[in-house]
Amino acid sequence: MTKLFTFLLLVTLLHCNLANAQSPSDYLPDKPGKWTYSNNITSTEAEYVAYSKVIASLAEWFHLNIPMLKSPKGYDLAATTYGGWDKYYSKNACNYGLRTELNFDFQLFFSEGGKWTIEPPHYSFDINNTETGHGTNPNYPYFDELQDDPAQEKALNAAALKMNGVFPVFDFVKQIEPGVDLYREAADAFPHHLVIYNPERPPYWISVTVRELAEIHLQFYKLKTKTEMDRMLIAQLEKEISELSEEELNAPAFSGHDEHFVLKVNGKGEGLQLMRFNPDYWNRSLPNTAIQFLTFYYPQMDEAALAESYKNNGHPYYSQLLVNEIDWVKLSGILQK
């Protein structure tokens, strides 16, 4: 009976998957659509009211300059602004511009009527966000009122900010134009990223040495000494630092270490380089509502991968179609100087 039930369940799941698979005939690719824009930033504070107007203007730039957004065909295009702030992000000295995300939903028309509105194909990019365009930031814990000493709240949050402000940088591919840098996540991989910046400013990312990372690790872990495990981590960290030569401590830091598990970095150029956002990049004479930095996911699948995507989904890979229609040089010109 159990085997029969399992067989029937597998057949049912397979049937459901086949039923949910989409084909080109499920859509109306030639039906004209329309553009709409909405703003999810609800704060009534003056800076956010001003910022909403700035982002609305940016959305309209995309509407007017990207053909598939200006004249939607096969879908309604719903553009939406989403805010992105939290108390720790705003406390970091390297974060000045208000950050947000602009999302484009491709609400495909179904051939049987209606359109795809619940999580349709979509693409988004980030504005003034220092935590995108590179590898994932760490997630070391901030002050926890249930576990940490209240007297250490300020120091612990400051130490965690430093730890979480360091990130791995993808391999640099090329500078498309001054102010437009291309990175890739891995060799021969299609996920790429574009950073749009003002080339007349100081570098947007700056390197950190192994010594700097060792010091901020010590600052962080020495504030967490309540448990035996905490104390063991401190001892292990100090041991790992003592094993590093002066030459390696003074070298730029890269992610990974074959033997260490607390200070998992090396100064031998192995792995991705570790960097942090440069607080001097921002022109702080401009209001924090100014657009000064943009980061884009830049998919570049080859023809075979695009064909497979179309076969599996029944519609084009809209993210790649969209980024390929963007004039990056023209876009970089909208950054406020």
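The values are calculated or read from the model by the stated rules, or taken from the named source; none is laboratory data. Please read these numbers as outputs of a predicted model, since none were measured by experiment. Please note: Cβ atoms are built from the backbone with ideal geometry, for glycine as well, and neighbour counts cover all protein chains shown.
Taking the criterion of being within 30 Å of L218 (Cα to Cα), hydrophobic (A, V, I, L, M, F, W, C) and in contact with a Phe, Trp or Tyr (Cβ under 6 Å, 6 or more places away or on another chain), would at least one residue in region 82-101 satisfy it? Yes, region 82-101 contains a residue that is within 30 Å of L218 (Cα to Cα), hydrophobic (A, V, I, L, M, F, W, C) and in contact with a Phe, Trp or Tyr (Cβ under 6 Å, 6 or more places away or on another chain). Among the listed residues F254, F277, F261, F296, identify the single one that is out of contact with any strand residue (DSSP E or B) (no Cβ under 7 Å at 6 or more places or on another chain) and not charged (D, E, K, R). So the residue among F254, F277, F261, F296 that is out of contact with any strand residue (DSSP E or B) (no Cβ under 7 Å at 6 or more places or on another chain) and not charged (D, E, K, R) is F261.
Selection over region 63-101 of residues that are assigned to a helix (DSSP H, G or I), more than 30 Å from E112 (Cβ to Cβ) and out of contact with any Lys or Arg (no Cβ under 9 Å at 6 or more places or on another chain) gives a count of 4. Number of residues in region 242-265 that are surrounded by fewer than 17 Cβ atoms within 10 Å (Cβ to Cβ) and assigned to a helix (DSSP H, G or I): the value is 4. Looking at K239, K311, K330, K268, just one residue is of a type in the set (D, E, K, R), surrounded by fewer than 19 Cβ atoms within 10 Å (Cβ to Cβ) and in a loop (DSSP other than H, G, I, E, B), and that residue is K268.
For residues that are outside any loop (DSSP other than H, G, I, E, B), of a type in the set (F, W, Y) and within 18 Å of Q300 (Cα to Cα), tally how many sit in region 155-190. Total meeting the criteria: 2.
In region 77-122, the residue that is modelled with the lowest pLDDT out of those that are among the charged types (D, E, K, R) and within 21 Å of L286 (Cβ to Cβ) is K91.
Counting only residues that are in contact with an Asp or Glu (Cβ under 8 Å, 6 or more places away or on another chain), more than 16 Å from H192 (Cβ to Cβ) and buried (at least 19 other Cβ atoms within 10 Å of the Cβ), region 288-308 holds 1 of them.
Scanning region 1-56 for residues that are part of a loop (DSSP other than H, G, I, E, B), modelled with pLDDT of 90 or more and farther than 25 Å from E308 by Cβ returns K31, G33, K34, N40. Within region 146-182, being under 20 Å from V265 (Cβ atoms) and in contact with a strand residue (DSSP E or B) (Cβ under 9 Å, 6 or more places away or on another chain) holds for K162, G165, V166, F167, P168, V169, F170, D171, F172. Return yes when T227 is without any contact (Cβ under 8 Å) to a residue 12 or more places away in the chain and among the β-branched types (V, I, T) and no when it is not. Yes: the conditions hold for T227.
Of all residues assigned to region 19-32, none qualifies as being under 30 Å from L286 (Cβ atoms), free of Cβ contacts under 8 Å to residues at least 60 places away in the same chain and touching a strand residue (DSSP E or B) at 6+ places or on another chain (Cβ under 7 Å).
Among the residues making up region 318-337, a single one is out of contact with any Pro (no Cβ under 7 Å at 6 or more places or on another chain), within 26 Å of F110 (Cα to Cα) and not aliphatic (A, V, I, L, M): N324. Scanning region 285-299 for residues that are more than 21 Å from the chain's Cα centre (by Cα) and either closer than 24 Å to Q219 by Cα or among the aliphatic types (A, V, I, L, M) (or both) gives a single hit, L286. The set of residues in region 193-241 that are more than 30 Å from L182 (Cα to Cα) and of a type in the set (K, R) comprises K222, K224, K226, R231, K239.
Has region 147-154 got at least one residue that is crowded, with 20+ Cβ neighbours inside 10 Å, part of a helix (DSSP H, G or I) and more than 19 Å from the chain's Cα centre (by Cα)? Scanning region 147-154 turns up no residue that is crowded, with 20+ Cβ neighbours inside 10 Å, part of a helix (DSSP H, G or I) and more than 19 Å from the chain's Cα centre (by Cα). The residue pairs whose first member lies in region 135-163 and is outside the structural domain of T225 (by TED's automatic domain parsing), whose second member is of a type in the set (D, E, K, R) and assigned to a helix (DSSP H, G or I), and whose beta carbons are closer than 6 Å, counting only pairs six or more residues apart or on different chains, are F143/E153. Does region 275-284 include one or more residues that are buried (at least 20 other Cβ atoms within 10 Å of the Cβ), more than 17 Å from the chain's Cα centre (by Cα) and not polar (S, T, N, Q)? Scanning region 275-284, I find at least one residue that is buried (at least 20 other Cβ atoms within 10 Å of the Cβ), more than 17 Å from the chain's Cα centre (by Cα) and not polar (S, T, N, Q), so the answer is yes. Scanning region 57-86 for residues that are among the hydroxyl-bearing types (S, T, Y) and surrounded by fewer than 18 Cβ atoms within 10 Å (Cβ to Cβ) turns up S57, S71, T80, Y82. Evaluation of Y281 against the conditions (1) under 30 Å from Q22 (Cβ atoms); (2) at pLDDT 95 or above shows that the sole unmet condition is (1).
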